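First the structure, in the form of C-alpha cells, and then the observations on it.
The values are calculated or read from the model by the stated rules, or taken from the named source; none is laboratory data. In this text, all values refer to a predicted model and were calculated from it rather than measured experimentally. Quick reminder, even Gly has a Cβ in these numbers, built from the backbone with ideal geometry, and neighbours come from all protein chains shown. Surface areas here come from the heavy atoms of the whole protein model, side chains and all, with no ligands, DNA or RNA. Shrake-Rupley method; radii C 1.70, N 1.55, O 1.52, S 1.80 Å.
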There are 4 protein chains.
Amino acid sequence: MPDLEAIVTEIADAMRARPDRGAVASYIPELARVDAGQFGLVVIDRAGQVAAGGDADIPFSIQSISKVFTLTLALGMVGDRLWRKVGREPSGSPFNSIVQLEREQGIPRNPFINAGAIAVTDVILSGHQPREALGEILRFMQFLAQDSGIAIDETVAASEKRTGFRNAALANYMRSFGVLENPVDYTLGVYFHHCAIAMTCRQLATAGLYLAYSGQHPLAGHSVISAERARRINAIMLTCGHYDGSGEFAYRVGLPGKSGVGGGILAVAPGRASICVWSPGLDAAGNSHLGRIALEMLVKRTGWSIFGV
Amino acid sequence: MPDLEAIVTEIADAMRARPDRGAVASYIPELARVDAGQFGLVVIDRAGQVAAGGDADIPFSIQSISKVFTLTLALGMVGDRLWRKVGREPSGSPFNSIVQLEREQGIPRNPFINAGAIAVTDVILSGHQPREALGEILRFMQFLAQDSGIAIDETVAASEKRTGFRNAALANYMRSFGVLENPVDYTLGVYFHHCAIAMTCRQLATAGLYLAYSGQHPLAGHSVISAERARRINAIMLTCGHYDGSGEFAYRVGLPGKSGVGGGILAVAPGRASICVWSPGLDAAGNSHLGRIALEMLVKRTGWSIFGV
Amino acid sequence: MPDLEAIVTEIADAMRARPDRGAVASYIPELARVDAGQFGLVVIDRAGQVAAGGDADIPFSIQSISKVFTLTLALGMVGDRLWRKVGREPSGSPFNSIVQLEREQGIPRNPFINAGAIAVTDVILSGHQPREALGEILRFMQFLAQDSGIAIDETVAASEKRTGFRNAALANYMRSFGVLENPVDYTLGVYFHHCAIAMTCRQLATAGLYLAYSGQHPLAGHSVISAERARRINAIMLTCGHYDGSGEFAYRVGLPGKSGVGGGILAVAPGRASICVWSPGLDAAGNSHLGRIALEMLVKRTGWSIFGV
Amino acid sequence: MPDLEAIVTEIADAMRARPDRGAVASYIPELARVDAGQFGLVVIDRAGQVAAGGDADIPFSIQSISKVFTLTLALGMVGDRLWRKVGREPSGSPFNSIVQLEREQGIPRNPFINAGAIAVTDVILSGHQPREALGEILRFMQFLAQDSGIAIDETVAASEKRTGFRNAALANYMRSFGVLENPVDYTLGVYFHHCAIAMTCRQLATAGLYLAYSGQHPLAGHSVISAERARRINAIMLTCGHYDGSGEFAYRVGLPGKSGVGGGILAVAPGRASICVWSPGLDAAGNSHLGRIALEMLVKRTGWSIFGV
C-alpha cells in the first residue's frame, strides 16, 4: 500500500499551484458563481482509512455524479428491464445531444448522458409522487455517505429548472416515443433536484465505496448490490462516465469514473479505494480540468490503473 | 490461479454444443466461405503456460485485430504525434461510418474503426513502398507470435480489394482533408493486406502477451513498449475495441479486447493472461457471437474482470 | 381560359373512383377519425369565379396550411427581422426532425417545418397574451376567407396538446438557444390552436387569393401584402411547402403549395387562380395522396405550371 | 417586352462598379487563378435576339452547370429509370456532403449535388468507354450551343482529378451500395472532364434555350426533349440548382437556375428567355455572388419571376 496521505497532500499542493483551471460551468447561473480556485481530493479504502487533501469538506453540487446512484437505485427496482429504456454504449456525442435520440427511436445511448439519466429518473418515479421519489434518492445518498445531513441545494435546483430548456426538449422528445411514462414536469423536477444535491469530497468518496468493493459497503456494513452489478456499473462508468471525453479519461487515468459539471469526479479503483476529486473549472468536454489531472497523478503514484501496472 | 486447462476445455465443449452461432461475415466473399461451426480458445500466461481448447491451431483471417498491432507499430514510429491524425474516443457509430468524419474534419474518432486504422496504416507507410511497410508489419507479427511462418492470405487480400469500395471512400475522404498523405491506393493496399494476415488462436494469444504484461513480452524476452503505452492501448481496446458493441463487451466481459470480422477476439487480462478466442459467426455489431459468450464465461470462472472481483 | 367547371368535375369524379387513398394521419387521435373517402377541390380566379367539385364545403383541419398565413402575419409585424429566427432553405428532413436544429444552433431551416412555424408563432405572440395572439390569427383568416364563421376545433387543439410531445421538444430546444422568447407553453398553445382551425376548400381557396394576385385580395378589395412579398412567400411554398416531398411536388405539379396533415393542400397559380384540394389520406411524406394527384391533373389540363407550358 | 439591351447594359455597369465580389473557388487550383473582376451577362429569346453585357464572350469553366445537360442526356437514354439511382429532393446539405448518402443507402438526393451528378454520369457511361461517353456529352453541348468550337479545358480537368479526393470518396461510397456500376475511375474521369468544359455566357445561354421553350430549341430548329420533361428539369433546377442556397435563390430571383463554382449561372425564364450570367467570386454557399445579384435585378426590371408579377 502506497503512503496515501503523502500522495494526496502532494497532489493537492501541486494542483493549488497550477494556473490552468478550466472554465466554471456557466449555463446554470448558480454554478457560475463558484470560486474556481478550490480543489479537494479524498481517497477512502475498505477499512475506512481516509486520505484527504485540500477542500475536502466543502460541499459542491454533485450534478451528473448523481447519475451513478440513480442508476444503482433503478437497477435495484426493476433489474435488467431498465435496459429496455436506455442503452449501454458510449454516445460519441456531447452530453446533451438530441441527434442520437432521433436516430435511435428515443432510446438514449447510456444512463450517463442527460437523456439517459432522465429516463432512469422516470423509472424511479414510476407510480410515485415526485416528492416521494426524491426522498428515496436522498435517503439512499445519506445512507451510502453515512451522513444524514446531506441535502438538496434548492437554489441550484430552481436555477436548473429555470434554464433547463434543453433537458425539457430531451424529456419531451423521449416522451413522444413512449420512453418516458410519467408527466414530463414530474420527471424533470426530480431530475433537476437530484442533480442539485450538495456533497463534499469526503461524503462522495464514502458513498462510492460499494462500487470499489464488489457491491459491499464496508462502512454501512452490508451489501448494496451484487458483485456482478458493481462490476457492470463500473464498466459503464469507464466507457460512458465522461461524456465525449470518456475515451480520454480511460486513456489517461485508467479508472472507472463519473464526472459532474459542478467539477466533481467520483472514481473507483476496484479492490483498492473509492476516490472523489473536486475542482470547479471544466475542460472542453465538460469534465473537471484539474480533477482529471489529479487523478492521473494519483494513478501514476499508486499503480492503480485497471489496465495494468 | 484457477485450473485454466479445465475451464478452457469446459468452455470449448459448451460452445460446441450451442446451436446459436451468429452469421459469418458476408461482405468479403472469401470470408463468407468459412465454416461457422468452428471454435477455438487459447489462454497464455507469463510463463508461457498454454491452455488451449477447440480449434486452437486453425488459422483464420485476423482482420481488425491487426489494428492493435499497427497501432503499436505506428506509436513506436511517431509517438504521440500519431494523435494529430486520429482520436481516442468511442465513435458511437458502426465500424465503417463516414458521417463522423464529415463532422470532425476528416479525423477519425479512434484507431480501431476502419477510418482510424487506415490513417494509422498511412503513418506506417510514410516514406516507404507498400511492400516494405507490409514487410515490416508482417515481421512484427511473426516476432510477437514467435512464429516466422505467419503469412498473408493473398486470396482474402485480393477479395477485400475488389470489394473494398467503402474503405476506398473513407480513405479518399480523409485524403481530401489532408489526413492521409500517401497515394490512396498504396495505403489501402497495405491496409487490405495486413487485415488479411492469417493466424491461429495460439499465435494471436502469444502475440498479445506484451499488452498483458506491461509492455514486456515474456517469451520474446524483451520490452516491446513502455508500461504506460501498454496500459493506454488496453484502455483504447476497452472503450473502442468492439465498434458499436464496445460498451456491451465492457459490460459483459470486462476485459480490454479487439475483435475482427473473421470471428477472432484478442483479449487481455492485465497481469494475468493473454487470450484469443475464435468463432466465425458474428452478432449484429460485427463481433464474434460465441467469442464474446466464451469470454464472459472465462471471466466469470477466473474472476479476471478489470472492474472488480 | 380553360373550362374550369368541367375540369374540376372531371377530376373530382376521377378521384372518387380511385381505390388508393393513402393513410389518414394517426398521430393526432382526432384526425385519425376522419373518413378517408372524402375529396374536395375548389378553384377561384381573380373575378371570384368559383369552380367547385366534391366535398368543397366540408370543413377540415387546416393544420400546417395555417403556416402560410402565420408567416404572412409575422412578416407584416416584424418584416425581414423575422429571418433572424428562421431560415428559407428546404430542410432535407422530415417535418418534425430535431437533428437540423442541433447542427444549426436552434434556427429552423424554414417557416414551414414544425420548428420554423413554432418560431413564427412565437414572433406573433410577442408581448401579447395567447388569447389575443390567437384572436388576431383567427380574424386574419376570417378576413382573408371572407367568412366570419371560421373557428378553431377545440377538440382537435386539445388532442394535439395532449400528444404534442415532439413539438414540445422542438420548442424547448429552440428556447434553449434563445430563438423562442415567450413561455414555451404559451407559444405551443397558440401553435396547436391555429393548426386546429377548421376550414372548407372554398374558404381556403378564397383565403389564398392574395398570393395568386401579387398581394392583392380581389374579393376583400384591398392589398394584403406587397407584390414582392407575395412572390417570396410563393417561392418558399415551392421549395419548402411539402416537407421532404417538396421536390416531388415541384416536379409533378409545378405550383407553389402548402400541405397539411389534415389532407388539405393550398396551391397558387400566379395570375391565374387560387386552388384548394382536400383528401385526408396521406402519402409517405405526410402530404395528401389524392390531393397531389388531383393537382397534377389540374395543371396538365390547364397548362398552369410555373415551369413552362 | 422590356428593353433588354438597356437593362442588360445597366446591370453589367452596376456590377462592374461593385466592390463586393465574393471569393473565387480555391479548391481547384486552376480555378483559383481566374480574375475575380470579370462579369458577363447574356439574355436570348425565342427569336434568337441577344442582349449581351460585359464579358459575354470570355470562356469560363462551366463546372456544375454541365449537370443540367448530363441530366438531360441521361433522361434521354434511360428515361424515368434514372430515378432509381438518384432522388429529386433538395438535400439540405452542402454540395459535397456524404452524410446524406449514408442515411439513404447510397442514393444521392438529387442530380445537382456532386454525388447525384456522378451517378448520372455513371448512367451515361454505361457500356461505353470514357472517351466515347465524353465525346457524346461534348457533341451534345456543341449542338445545343450551336458552336462546334466548344472544348474541354484539359488543364482544369487534370487539376480536378489531382485534387478530387472528396468526389472519389462519394463515388466509391455509392459504388459500395451498387449505385455506380462502372469502374470508379472511368466514371470520375468523365465527370471531371464534363465539369471542365469551357463556354462563354453567349454559348451557355444558347444551350439553355430548350428549357425556356418547352423542350424546343428555336435556333437548332427541332425538339430536344418533351415539354413535360423541360418543365420537370426546370422544377429540379428551382428546388436544387444552387446547393444549400437553392431556397435563397428562389426567394430572391424566382427563376429556375443552375450555378457552377466557376462562377456561372444558367437561368431560365419559361416562355421568355434563356439567361447566362458569370462572375467568378462566390458566396458562402458556393454560388456566384454578383451573378445572383445581377439576376435579381434582371427579374425586377423584367417582371419575369415565375412566382408572380
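Can you name every one of the helices (runs of 4 or more DSSP H) wholly within region C:70-156 that holds 1 or more residues which are open to solvent by less than 30 Å² (accessible area, probe 1.4 Å) and more than 26 Å from residue D:251 (Cβ to Cβ)?
Details: elements: C:99-103, C:114-125, C:130-145.
So the answer is C:130-145.
Based on what the data block shows, is residue D:2 under 25 Å from residue B:166 (Cβ atoms) and out of contact with any Cys (no Cβ under 9 Å at 6 or more places or on another chain)? Spelling it out, it is not the case that residue D:2 is under 25 Å from residue B:166 (Cβ atoms) and out of contact with any Cys (no Cβ under 9 Å at 6 or more places or on another chain).
If I ask for residues that are open to solvent by less than 20 Å² (accessible area, probe 1.4 Å) and of a type outside the set (Val, Ile, Thr), which ones from region B:27-43 would you list? Reasoning before the result, please.
Taking region B:27-43 first, the residues open to solvent by less than 20 Å² (accessible area, probe 1.4 Å) are B:28, B:31, B:39-43.
Within region B:27-43, B:31, B:39, B:40, B:41 qualify.
Checked against (1) surrounded by fewer than 24 Cβ atoms within 10 Å (Cβ to Cβ); (2) within 30 Å of residue A:172 (Cβ to Cβ), residue A:187 passes all but condition (1).
Anything in region D:278-304 that is within 14 Å of chain C (Cβ to nearest Cβ) and crowded, with 24+ Cβ neighbours inside 10 Å? List them, or say none. Give the derivation first.
First, pick out the residues of region D:278-304 that are within 14 Å of chain C (Cβ to nearest Cβ): D:283-287, D:292, D:295-297, D:299-304.
Hits for region D:278-304 are D:287, D:292, D:295.
When the criteria are applied in full, residue C:89 fails the requirement of being within 14 Å of chain D (Cβ to nearest Cβ), out of contact with any Ser or Thr (no Cβ under 6 Å at 6 or more places or on another chain) and without any contact (Cβ under 8 Å) to a residue 24 or more places away in the chain. Number of residues in region A:249-295 that are out of contact with any helix residue (DSSP H, G or I) (no Cβ under 9 Å at 6 or more places or on another chain) and over 18 Å from residue A:32 (Cα atoms): the value is 0. With respect to (1) at pLDDT below 95; (2) more than 14 Å from chain A (Cβ to nearest Cβ); (3) under 22 Å from residue B:247 (Cα atoms), the lone exception for residue B:160 is condition (3).
Scanning region C:252-268 for residues that are of a type outside the set (Val, Ile, Thr), crowded, with 24+ Cβ neighbours inside 10 Å and free of Cβ contacts under 8 Å to residues at least 60 places away in the same chain yields C:254, C:255, C:256, C:257, C:267. Pairs are defined by a Cβ separation below 6 Å, a sequence spacing of at least 6 or placement on different chains, a first member in region D:283-309 that is without any contact (Cβ under 8 Å) to a residue 24 or more places away in the chain, and a second member that is hydrophobic (A, V, I, L, M, F, W, C) and surrounded by 24 or more Cβ atoms within 10 Å (Cβ to Cβ); the pairs so defined are D:308/C:230. Note on region C:120-142: residues that are more than 16 Å from the chain's Cα centre (by Cα) and within 12 Å of residue C:85 (Cβ to Cβ) amount to 4. Close contacts from region D:155-178, counting a first residue that is under 14 Å from residue D:85 (Cβ atoms) and assigned by TED's automatic domain parsing to the domain that holds residue D:100 and a second that is aliphatic (A, V, I, L, M) and not in a helix (DSSP H, G or I), with Cβ to Cβ under 8 Å and a gap of 6+ residues or different chains, come to D:170/D:98; D:171/D:180; D:173/B:98; D:173/D:98; D:174/D:180; D:177/D:107.
Would it be correct to say that residue C:308 is on the phi > 0 side of the Ramachandran plot, in a loop (DSSP other than H, G, I, E, B) and open to solvent by less than 10 Å² (accessible area, probe 1.4 Å)? Before the answer, list the steps.
Working: on the phi > 0 side of the Ramachandran plot: yes; in a loop (DSSP other than H, G, I, E, B): yes; open to solvent by less than 10 Å² (accessible area, probe 1.4 Å): no.
Criteria not met by residue C:308.
Here is the figure for region A:44-60: residues that are in contact with a Gly (Cβ under 9 Å, 6 or more places away or on another chain), of a type in the set (A, V, I, L, M) and open to solvent by less than 30 Å² (accessible area, probe 1.4 Å) total 2.
Of the residues screened, residue D:263 is one that is of a type outside the set (Asp, Glu) and assigned by TED's automatic domain parsing to the domain that holds residue D:21.
When residues in region C:193-239 are screened for being open to solvent by 10 Å² or more (accessible area, probe 1.4 Å), hydrophobic (A, V, I, L, M, F, W, C) and in contact with an Asp or Glu (Cβ under 6 Å, 6 or more places away or on another chain), 1 of them pass.
For residue B:24, the criteria (1) open to solvent by less than 60 Å² (accessible area, probe 1.4 Å); (2) within 28 Å of residue B:271 (Cβ to Cβ) hold in every case but one, which is (2).
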